[in-house]
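A short write-up of the structure that comes next.
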Amino acid sequence: MLQFRGKVLPDSSLVMAIVNRTPDSFFDRGATFGLQAALDRVDQVVAEGAHIVDIGGVKAAPGVEVSAAEEADRVLEVVELVRAKHPGVVLSVDTYRASVAELVLAAGADLVNDAWGAPEPETFSVAASFGAGIVCTHAGHLPPRTRPHRIAYPDVVADVVTTLTGLAEQAAAAGVLRESILIDPGHDFGKNTRHSLQLTARTSDLVATGWPVLMALSRKDFVGEVLDLLPDDRLEGTLAATAVCAWQGARVFRAHDVAATLRVLRMVDAIRGTTEPLISVRGLA
């Protein structure tokens, strides 16, 4: 069972929708930077069926420095307004800063999506103090907002499993509920394309840890390099990787394309026998 601040999520595969309050995101390029645009995007993804809405105020890639105060300014008002309008949706904030996490959790967020491997470990105790959840991510042991350069691992999957189980246990020791902890192998973060492909192929190794697995695959560079395509044309590759990971038991998928991702996940869940068709009349009438 996955639950965040008392909100219990279904046992099916789940979608975490991406909402960027940044002017320089690699895919939407600032389309939801404006406050109203961000709120409209939230309304859209909730209507499409997103289980979690993930709001971010700093892009992952290198770029213009964004202070903690500026990051909080970008995300806090969105959290407050969305919490009031959509009280039942699980709200996540994509931040590695404990100070920002504390502000957004006080405003009603349910989950901290720390994409950089806990550079500020006090984030765990902050999440615990609010009864909130945490995403533990493998970022290649790099500082936030840095790109990998000729990074190598004796066994990337083993490194990811060891690192993530350690972070998850650290979060639990700080008081975060075990059913509120997710692990994310961090495709592209501290990895080259072959590393990300290995992690996709061996999703079952992550699932075998017993921690619920979040996959952030959407339109990433490893998809682009396999297909030699820019972000606008990476949907099919993303959905193929999504199906592979879902078949092996990953639970949550962070996605730009909510409706398409939900359809793929429902199909995979039905083939796996973990959900029923929405209708069943063929051959019965």
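Assorted remarks:
- Among the trypsin sites (Lys or Arg not before Pro) within the range 79-179, those in coil by DSSP and having at most 15 neighbouring Cβ atoms inside 10 Å are Arg150.
- Proximal lysines to Lys85, defined as alpha-carbon separation beneath 29 angstrom and excluding residues fewer than eight positions away on the same chain: Lys7, Lys59
- Binned Cα-Cα distance frequencies in the chain - 10 Å width, integer %: 7, 30, 39, 20, 3, 1, 0
- Structural descriptor for the range 3-272: relative contact order 19 percent, calculated from alpha carbon pairs under 8 angstrom and at least 6 residues apart.
- Using just its DSSP H runs of length 4 or more, each adding -39500 (n - 2.57), the chain gives a mean residue ellipticity at 222 nm of -12500 deg cm²/dmol after division by all residues.
- Distance between the range 76-95 and the range 255-275 - C-alpha centres, whole angstrom: 24 Å
- Among the chymotrypsin sites (Phe, Trp or Tyr not before Pro) found in the range 1-72, not one is both in a DSSP coil and sparsely packed, with 11 or fewer other Cβ atoms within 10 Å of its Cβ.
- Screening the chain for whole DSSP H helices of 15 Å or more along their axis (Cα) with average Kyte-Doolittle hydropathy at least 1.0 returns 156-173, 235-247.
Values quoted throughout were computed directly from the atomic coordinates according to the rules given, and no laboratory measurement underlies them. Bear in mind the structure is a predicted one, so any value in this text is a computation, not a measurement. For neighbour counting, all protein chains shown are included, and Cβ atoms are generated from backbone atoms with ideal geometry for every residue, glycine included.
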